[in-house]
Every structure is written in structure tokens, then in C-alpha cells.
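Worksheet for the structure shown next.
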2 protein chains.
Amino acid sequence: MKIAILGHGVVGSGVRQIIEAKKKEEIEIISILVKDQNEVNDERFTTDAQDILNNPEIETVIECMGGDEPAHSYVKTALEKGKNVISANKKMLSNRLDLFETAEKNNVKLLIEASCGGGIPWLINLRRIRRNDDIKEISGILNGTTNYLLSRLFSEDISFEEALKNAQKLGYAERDPSDDICGYDVRYKLDLSIYEAFDLLVDNKEIPTYGISAINDKDIAYAKKNGCTIKLVARASYENDKLNAIVMPVMLKKDTVFANISSNYNIVECVSDYLGKADFIGQGAGSFPTGHAIVQDLIDLCEGKTEDTKHKAVKKNVDNDFDGIFYIRHNKTDVFEEYTDERIAEDSFITCKCAFRNIERLFKENEDEKMFIMEVEG
Amino acid sequence: MKIAILGHGVVGSGVRQIIEAKKKEEIEIISILVKDQNEVNDERFTTDAQDILNNPEIETVIECMGGDEPAHSYVKTALEKGKNVISANKKMLSNRLDLFETAEKNNVKLLIEASCGGGIPWLINLRRIRRNDDIKEISGILNGTTNYLLSRLFSEDISFEEALKNAQKLGYAERDPSDDICGYDVRYKLDLSIYEAFDLLVDNKEIPTYGISAINDKDIAYAKKNGCTIKLVARASYENDKLNAIVMPVMLKKDTVFANISSNYNIVECVSDYLGKADFIGQGAGSFPTGHAIVQDLIDLCEGKTEDTKHKAVKKNVDNDFDGIFYIRHNKTDVFEEYTDERIAEDSFITCKCAFRNIERLFKENEDEKMFIMEVEG
């Protein structure tokens with residue numbers, strides 16, 4: 001199979017190295033799109049995407065550019081020109097779910113294994129499990145940056161701001177960390193996992209997303225006092241045509257598997273009727289883990305092992321008709337009185353088991369951008 | 001695909017129910033072998049295996065009988081008659097590795113996904129990871145009975161004998177529990193995982209296997225004092241043509257993922273060059289989880305998604321050239337003096353980091369059937 005790689009950064013170069021090292025004879029890299037003319041030190045390198053998109057020889061395009069445009073246009077054009085596309089670009093993919101339709105219409109594949117959970121063979125296992133089972137729930141810790149920050153907050157006596165600065169210095173957090181710490185990165189991954197697990201196309205902005213940017217030492221102290229830790233968790237369930245989906249910090253007992261997922265690892269869990277609970281753990285990012293997942297998609301294409309049946313994905317709204325127990329820190333605790341079960345301090349309390357919807361409504365009516373919420377696991 | 005099921009117990013009936021519930025049109029159950037004439041209440045049921053083995057219409061046989069004979073003869077005959085076989089019978093398969101050769105010779109598949117880790121998609125993921133990566137190490141907690149017993153010993157003040165009796169009452173342990181508590185069940189699973197991960201055929205009797213039958217309250221107390229728990233772990237590594245393989249209790253820090261795998265769950269881990277560390281957790285046994293794994297193999301057959309390339313498995317001896325730190329309780333501690341780093345009591349000690357081979361040799365020269373050994377994780 002003749003392929004091209006769009007982008008030769010961390011992921012793109014990882015993909016190239018794995019293909020070259022494993023000497024997969026059936027795969028030939030024809031062209032690689034690089035940013036600058038001075039990077040062109042290999043006859044396959046080009047700075048002009050049209051060289052790739054207009055080359056009818058190229059059967060499959062691997063998009064490792066990141067960002068929305070021009071990645072989106074390149075992917076769309078490639079699909080329309082009858083090329084398969086493999087992409088790890090969760091933000092772009094989740095914001096552009098219509099690309100899956102474009103792929104179907106043009107009778108080519110859009111494969112996205114590396115977009116959720118990096119190297120973890122997650123989406124492929126979801127698709128396999130679905131062949132003879134009904135998936136009811138998926139959940140996971142899907143962001144390395146927040147997992148690293150939370151680990152440090154629990155092991156050292158430092159503030160969130162200090163931990164974040166440190167992470168930025170070490171390259172574990174972006175200069176603009178909001179996609180990670182506000183939970184948006186996880187939301188994209190949850191959205192794509194929902195597509196693969198349930199065949200549902202969900203506008204990611206509908207998924208309530210609470211990050212960890214406002215976490216403080218009192219929240220940490222409360223969790224510690226209760227023998228718990230905090231992780232940023234993505235969750236979705238789908239039964240009787242009701243979809244619940246949320247990204248929220250969760251307070252977890254220390255002796256659970258989720259509580260013990262260390263900094264740079266991700267975990268994803270799938271609950272289905274026959275198989276029951278199955279968990280998958282691995283590195284959520286990095287040149288080689290992500291590259292490995294992309295090359296897996298590529299080998300599936302070469303071996304004709306991708307799904308035969310077309311996805312019959314349908315558009316769906318988030319219902320979020322579920323109850324929970326929540327720890328809330330907010331500047332107006334009084335408005336939550338009806339749901340308050342235990343007062344922790346002037347500004348924080350635990351709700352009784354209540355509908356998430358009610359809490360969400362009160363948040364909207366009473367804004368507090370420094371508020372922190374986490375679910376308390378039963 | 002026309003199939004037959006040998007055995008209609010816990011696993012066999014699970015397989016039948018999943019196939020029927022999922023209404024897989026491409027799969028037709030022609031015949032099911034049952035034990036007694038009085039079970040024959042369905043026209044597909046038979047008590048005569050020859051009805052199945054001699055029926056040229058049947059393309060695939062699912063062996064869910066357990067035990068060595070007649071399961072082994074039936075599987076061999078089915079393969080020789082050009083039928084694919086799917087089996088979850090780890091003990092029989094590990095003791096009869098030549099069946100893989102029989103399958104190859106007859107140009108049919110012998111698929112064994114359900115034999116290791118029950119419902120966990122483990123062997124399929126090993127085979128997929130291998131397509132573009134080199135696996136270096138595999139390990140796992142692969143026995144629910146011992147995991148249950150160890151959990152109880154750590155959470156309650158009871159003896160091993162009490163815990164075992166209780167487990168037998170609840171059906172979590174067999175009447176003859178030796179395959180589980182002596183580690184043999186895990187040894188079979190490790191042996192089959194080695195075959196899938198490294199293409200090596202290893203006589204399972206060569207894998208040093210230490211169980212938990214001699215564990216006592218002092219061993220538990222020592223682990224607790226050190227903030228640890230104990231799990232029965234299978235491990236193998238293969239690099240530079242050296243194979244290490246062992247089944248042994250391991251003392252693990254409480255904040256590790258392995259330490260937090262609860263009773264009825266199994267975990268398996270794979271370490272490879274590009275993907276790094278990947279873990280898979282799920283139910284290790286049970287009618288539906290195991291049935292699910294068997295039906296996955298069946299769907300792969302139907303969809304032509306089994307491995308195209310023939311396994312080039314070769315025979316291999318276990319080298320076990322590795323160092324470790326070990327906790328040992330033995331009636332002759334003096335003979336280990338050279339390796340003793342810390343004396344815990346009259347009858348127990350910790351070795352300095354030493355070659356496992358030396359310890360093994362001393363065990364052989366100084367028999368003590370009530371001795372207990374566990375590796376102490378760095």
C-alpha cells in the first residue's frame with residue numbers, strides 16, 4: 001500500500017520510524033508533508049500538501065498535523081479523492097464528525113485508533129466486543145497532563161499553580177493548558193469513544209465538562225481524609241435510547257484500579273452484557289505508542305481487517321438523566337440547600353444522592369468560575 | 001458457518017446462548033455433544049461424539065469439555081478431518097502443544113483465545129501488537145481462586161485452610177484445589193501466552209511454579225508491615241534468545257495496579273518496544289465471559305480475520321537467568337546463608353539480590369514441602 005504522512009513532528013516521525021524499522025514490505029511511504037523548506041532533506045519530503053492530495057498513486061493518508069485547519073481540509077479532500085485516512089487528531093475529528101459520513105460516501109475508511117488513549121488498543125477492542133455483545137458503559141482516565149498534576153498534588157504539598165508551572169517546564173503541559181486542565185481534551189476522546197461504542201454522533205459541546213483548574217488544597221485535604229484520591233474521569237452510558245455522558249473529577253477509594261493509574265498512563269473501561277467489565281491500560285501519548293496505534297490501523301487496511309459493515313451512526317442528544325453524590329465548592333452554597341447532605345466548610349458541601357440535572361441547572365443560574373465539583377464514588 | 005459444540009456445561013451452554021441471542025446468521029449450530037441421554041431434549045443434542053467428528057458438514061468444532069481425554073482425541077480427530085477447532089481447555093492444550101502442528105498440517109485453525117484470562121481479549125491483542133512491535137515481557141494475575149483466597153487472607157484474620165474451605169463451599173475453589181493453589185493452572189496459561197507472544201513451544205513442566213498452599217499468617221504479617229499485598233504472578237520475558245518464565249507469589253506495593261486487582265478479576269500485561277506497557281483486565285472465568293471469547297474466535301473465522309501467516313513456533317527450553325530479591329520461609333535457613341540479606345524470624349529471611357537459579361538449586365538440595373517463597377518487588 002502506497003501511503004503519505006501529513007506532518008513529521010512527534011507522532012508523524014514516530015509513524016515513519018516504526019514503518020521503516022519493521023520493514024513492512026506491503027507499505028511504501030511515497031511522500032511526507034513537512035512544515036519548512038529547510039526540513040526537506042529526504043526526497044520523499046514536500047512542503048506542498050497538493051503533491052500528496054493530487055497524487056492518485058497514494059491510497060492512504062496519515063494525518064499527524066494536529067490543529068483544526070488545514071488538517072480538516074486535507075483530510076476531507078483526501079477522503080473525497082478516494083483515499084483512506086488515518087488520524088489521531090481528536091479535537092478536529094470530534095469537531096468534524098461529518099467526516100465519517102464523507103468517508104462512507106466515498107467508500108473509503110477513516111480510522112482513528114490513535115485518537116483516544118494513544119497507544120492503548122481501545123477502539124479496536126470496542127469494535128470487536130460489539131460484534132457479539134451490547135456495550136452499556138464506557139469510562140476512562142484519558143488525559144496524562146491532568147493525571148500528572150493530580151498525582152503531584154496528592155504526593156506533595158504544592159498548589160495547583162505551582163504544579164502546573166512545573167509541568168509546563170517539563171513539557172508535560174502545554175503553554176496554553178486549557179484544553180487539558182478544563183477537560184476539553186478528554187471530552188473529544190469521550191465523544192469519539194461514544195461514536196465507536198454506541199454508533200452515536202454527539203455534538204461534543206453537549207457533554208458537561210468539569211476540569212481541575214479550580215482545585216485547591218481544601219479539596220485535596222477532603223479527599224485524603226476520606227482515604228481517597230481524585231482523578232479526572234470521562235463516562236458515558238447508553239441504554240433504552242438514553243445517553244449519559246460527562247467529564248468530571250471523581251473522588252475514588254485508594255484501593256481501586258482507577259485510583260492507581262500513574263501519571264503518564266491512561267485507562268479505559270468497557271462494560272457489556274456478556275464480557276462484563278474489561279479495562280485497558282497503556283500510555284496515552286508519545287511518539288511511539290501513538291505511532292504504534294496508527295500503524296495498527298494501517299496494517300488492518302493492508303490485511304483487509306477493517307470493519308466490513310458500514311457504521312450506521314445516528315445523531316443523538318445527551319440526556320444525562322442520572323443521579324450521583326457530588327462534592328461541591330461554590331461561592332453560593334445556600335442555593336444548593338435542598339440537596340446538601342453534609343456541610344464541609346462555609347464554601348463546600350456534599351450533596352445527597354441527587355439528579356445531576358438539578359445541580360447543573362443551579363450552576364447555570366449561579367455562576368462561579370472558581371467553583372469545583374467532583375463526583376463521590378459510592 | 002456450520003459448527004458443533006463439544007460439551008454443554010458452564011462454558012458450552014454460555015457459547016450456545018450467546019450465539020442464539022446475537023442471532024448471528026452466518027453461524028449455525030448443527031450439533032451439541034452432551035454427557036447423558038437424559039439431557040437430550042433438543043434435536044441438535046447427541047451423546048455420540050462420532051456424530052460430530054464424522055459429519056463433513058461441520059466446519060468448526062468448539063471444545064468446551066475440559067479434562068485431558070477424551071477432549072484431546074476429539075480435538076485431534078477434528079483437526080485431522082479438516083475442521084477448525086476453538087478450545088478453552090488450557091491444561092489439555094498446554095500439555096498437548098503438538099496439536100498446533102496438527103492444525104497447521106491440516107491447514108485449519110486451532111484458536112484458543114478463551115484459554116488464558118477467560119473473557120479478557122488477551123491473545124488477540126498479543127497477536128495484533130506483534131504485527132508491528134517486539135514483545136519483550138508478559139506477566140499477569142491469571143487465577144481467580146488464588147486471587148480470592150489472598151484477598152480474604154489480607155482482609156480478615158483467618159488461616160489459609162479456613163479461607164480455602166470457605167471458597168470451596170462458595171464454589172470459588174474446586175474440591176481438589178491443587179491445580180489452582182499450587183499454581184499449575186497459571187502455568188498452563190503462561191505456557192500458552194508464551195506460545196502466542198514469542199512463537200515458542202515450551203514444555204510447561206520446565207516453568208518453575210510456586211503456589212500459595214503453604215502461605216501462613218507470618219507471611220501475611222510481613223507483607224502488611226511493609227505496606228504490601230501478595231499476588232500469584234506469572235511472568236515471562238524473551239530477549240537475545242533467552243527465555244525466563246516463572247509462576248511465583250509476588251509481594252507488591254499497595255499503590256500498584258496489580259495489587260488492586262480484586263478477587264474474580266485477572267490482569268495481563270505486555271511490554272513491547274514501541275507500545276511500551278499495556279495492561280488488560282477482565283473476568284478470568286465464567287460462562288458468559290469465556291463464552292464471549294470463544295464466540296470472538298468464531299466470528300474471526302467467519303470474517304476471515306484470523307492470522308494469515310502460519311506460526312513458525314519453535315521448541316525452546318526455559319533459561320531463567322534472572323536475579324531477584326526473595327522472601328523465603330524454609331525449615332533450613334542456614335543453607336541459604338550466603339544469600340541472606342535480612343533475617344525476619346528463625347525460619348524466614350530476605351535474600352540479597354541474587355540469581356534465582358542459585359535459590360532454586362538450594363531448594364532442590366534441601367526439600368521442604370511447607371516452604372513458602374515470594375519475590376519482593378523492587
| query | Just to be sure, is B:Lys315 at pLDDT 95 or above, away from every other protein chain (no Cβ under 14 Å), more than 30 Å from B:Ala223 (Cα to Cα) and open to solvent by 40 Å² or more (accessible area, probe 1.4 Å)? | reply | yes
| message | Can you pull out every residue in region B:248-267 that is part of a helix (DSSP H, G or I) and either more than 8 Å from chain A (Cβ to nearest Cβ) or among the hydroxyl-bearing types (Ser, Thr, Tyr) (or both)? | response | B:Phe258
| note | Scanning region B:122-134 for residues that are at the interface with chain A (Cβ under 7 Å from one of its Cβ atoms), assigned to a loop (DSSP other than H, G, I, E, B) and surrounded by fewer than 22 Cβ atoms within 10 Å (Cβ to Cβ) gives B:Arg131
| So A:Tyr148, is it of a type in the set (Ser, Thr, Tyr), over 30 Å from A:Gly276 (Cβ atoms), open to solvent by less than 60 Å² (accessible area, probe 1.4 Å) and more than 14 Å from every other protein chain (Cβ to nearest Cβ) | yes
| How many of the residues making up region B:90-121 are assigned to a loop (DSSP other than H, G, I, E, B), within 14 Å of chain A (Cβ to nearest Cβ) and over 30 Å from A:Arg16 (Cβ atoms)? | 4
| said: Among the residues of region B:269-291, what is the count of those that are in contact with a Leu (Cβ under 7 Å, 6 or more places away or on another chain) and under 26 Å from A:Gly118 (Cβ atoms)? | reply: 2
| message | Which condition from (1) out of contact with any helix residue (DSSP H, G or I) (no Cβ under 6 Å at 6 or more places or on another chain); (2) not in a strand (DSSP E or B) is the one that A:Gly291 breaks? | response | (1)
| Which of the residues that make up region B:31-69 are surrounded by fewer than 18 Cβ atoms within 10 Å (Cβ to Cβ) and under 26 Å from A:Asp134 (Cα atoms)? | none
| When region A:196-207 is examined, which residues are found to be within 16 Å of A:Val247 (Cβ to Cβ) and either among the hydrophobic types (A, V, I, L, M, F, W, C) or touching a Phe, Trp or Tyr at 6+ places or on another chain (Cβ under 8 Å) (or both)? | A:Ala197, A:Val202, A:Asn204, A:Ile207
| request: Looking only at region B:71-88, decide whether some residue is within 30 Å of A:Asp134 (Cα to Cα), open to solvent by less than 50 Å² (accessible area, probe 1.4 Å), outside any strand (DSSP E or B) and touching a residue at least 12 places away in the same chain (Cβ under 8 Å). | output: yes
| request: State which residue pairs qualify: first residue within 21 Å of B:Arg235 (Cβ to Cβ) and inside region B:353-378, second residue assigned to a helix (DSSP H, G or I) and among the hydroxyl-bearing types (Ser, Thr, Tyr) in any location, beta carbons under 6 Å apart, and separation of 6 or more residues or different chains. | output: B:Cys354/B:Tyr339
| task | Just give me the residues in region B:278-312 being of a type in the set (Lys, Arg) and within 14 Å of chain A (Cβ to nearest Cβ), in sequence order. | result | B:Lys305
| query | Just wondering, is there one or more residues in region A:268-275 that are at the interface with chain B (Cβ under 10 Å from one of its Cβ atoms) and under 16 Å from the mean Cα position of the chain (by Cα)? | reply | yes
| said: For a quick check of your reading of the model, give me the residue pairs whose first member lies in region A:227-242 and is in contact (Cβ under 8 Å) with a residue 60 or more places away in the chain and within 24 Å of A:Tyr195 (Cα to Cα), whose second is assigned to a loop (DSSP other than H, G, I, E, B) and open to solvent by 70 Å² or more (accessible area, probe 1.4 Å), with beta-carbon atoms closer than 9 Å and at least 6 apart or on different chains. | reply: A:Glu239/A:Asp134; A:Lys242/A:Asp321
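The values are calculated or read from the model by the stated rules, or taken from the named source; none is laboratory data. Keep in mind the model is a prediction, meaning the values are calculated, not measured. Neighbour counts run over all protein chains shown; Cβ positions are idealised from the backbone, glycine included. Quick note on the areas: whole protein, heavy atoms, side chains included, nothing else; ligands and nucleic acids left out. Shrake-Rupley method; radii C 1.70, N 1.55, O 1.52, S 1.80 Å.
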